[in-house]
1. Name the residues in the range 114-137 that are open to solvent by less than 90 Å² (accessible area, probe 1.4 Å) and not aliphatic (A, V, I, L, M), would you?
2. Taking into account only those residues within the range 132-157 that are among the aliphatic types (A, V, I, L, M) and in contact (Cβ under 8 Å) with a residue 60 or more places away in the chain, which is farthest from Lys52 (Cα to Cα)?
3. Would you mind telling me which numbered condition in (1) assigned to a helix (DSSP H, G or I); (2) open to solvent by less than 90 Å² (accessible area, probe 1.4 Å) Lys52 fails?
4. Kindly indicate whether Ile92 is under 30 Å from Asp64 (Cβ atoms), of a type in the set (Val, Ile, Thr) and open to solvent by 80 Å² or more (accessible area, probe 1.4 Å).
5. Have a look at Glu119, Glu123, Glu111, Glu89 and point out the one that is over 25 Å from the mean Cα position of the chain (by Cα) and not basic (Lys, Arg).
6. All but one of (1) in a helix (DSSP H, G or I); (2) at pLDDT below 95 hold for Ile117; which doesn't?
7. Return yes when Arg106 is surrounded by 11 or more Cβ atoms within 10 Å (Cβ to Cβ) and closer than 30 Å to Tyr167 by Cβ and no when it is not.
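The values are calculated or read from the model by the stated rules, or taken from the named source; none is laboratory data. Fair warning: this is a prediction, and the values are worked out from it, not measured in the lab. Cβ coordinates were reconstructed from backbone atoms using ideal geometry, including for glycine residues, and neighbour counts include every protein chain displayed. Remember, those area values only see protein heavy atoms, side chains included, never the ligands or the DNA or RNA. Shrake-Rupley method; radii C 1.70, N 1.55, O 1.52, S 1.80 Å.
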Amino acid sequence: MKKIFCAFVILTAMFAAMAAPAFAAEMKLAYVDMEEVFDGYQKTKDQDLVLKTAGEAKEKERNDMMASLRSMEDEIALLSADARAKKQEQLIEKKRQLEDFDRNVRQQLAEQRNKMIREIITEIEEAVQVVGQRGGYDMVFNRRMLNYQKKEYDITAQISAELAKKYKKA
């Protein structure tokens, strides 16, 4: 819904610009490839590494739980019928704990990734504002919203440079 609204606003602005050629001639427009900026931003790479490390640690923890389950299954095979029934209940509980662990880990990592993405997108939007104001641009579009664009209006490199400069300070 938000994308449709943004597209409507952009199209309205473009039609208004076409309707008033004198006004359009005075407007200073630019576009930025948000995906390129996001993927090239060092903070994105650093945060991806943090998430990957956290995921690997959780995977190791899961593997340890699986080894414990397998060991318990092997034990059950060697037990008498009475003892096997009691151990079987414990095995079922361990399997449930493993399922809960998997679900919680997926949820935690997804929340952590979403939070990271929101923070980075906010920083990119702020950099677009800074570069846009500094460059005297009337409008800065997201490249994905445009069907055609001239390379001369691309300020992606400037946005990336602004982000890099701020990230190095932090």
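1. If the condition is that a residue be open to solvent by less than 90 Å² (accessible area, probe 1.4 Å) and not aliphatic (A, V, I, L, M), then Asn114, Glu119, Thr122, Glu123, Gly132, Gly135, Gly136, Tyr137 are the ones that fit.
2. So, considering only residues that are among the aliphatic types (A, V, I, L, M) and in contact (Cβ under 8 Å) with a residue 60 or more places away in the chain, the one farthest from Lys52 (Cα to Cα) is Met139.
3. Only one criterion is unmet by Lys52, namely (2).
4. Working: under 30 Å from Asp64 (Cβ atoms): yes; of a type in the set (Val, Ile, Thr): yes; open to solvent by 80 Å² or more (accessible area, probe 1.4 Å): yes.
Criteria met by Ile92.
5. After ruling out the rest, the residue left standing is Glu89.
6. Every condition holds for Ile117 apart from (2).
7. Details: surrounded by 11 or more Cβ atoms within 10 Å (Cβ to Cβ): yes; closer than 30 Å to Tyr167 by Cβ: yes.
Against the criterion (surrounded by 11 or more Cβ atoms within 10 Å (Cβ to Cβ) and closer than 30 Å to Tyr167 by Cβ), Arg106 qualifies.
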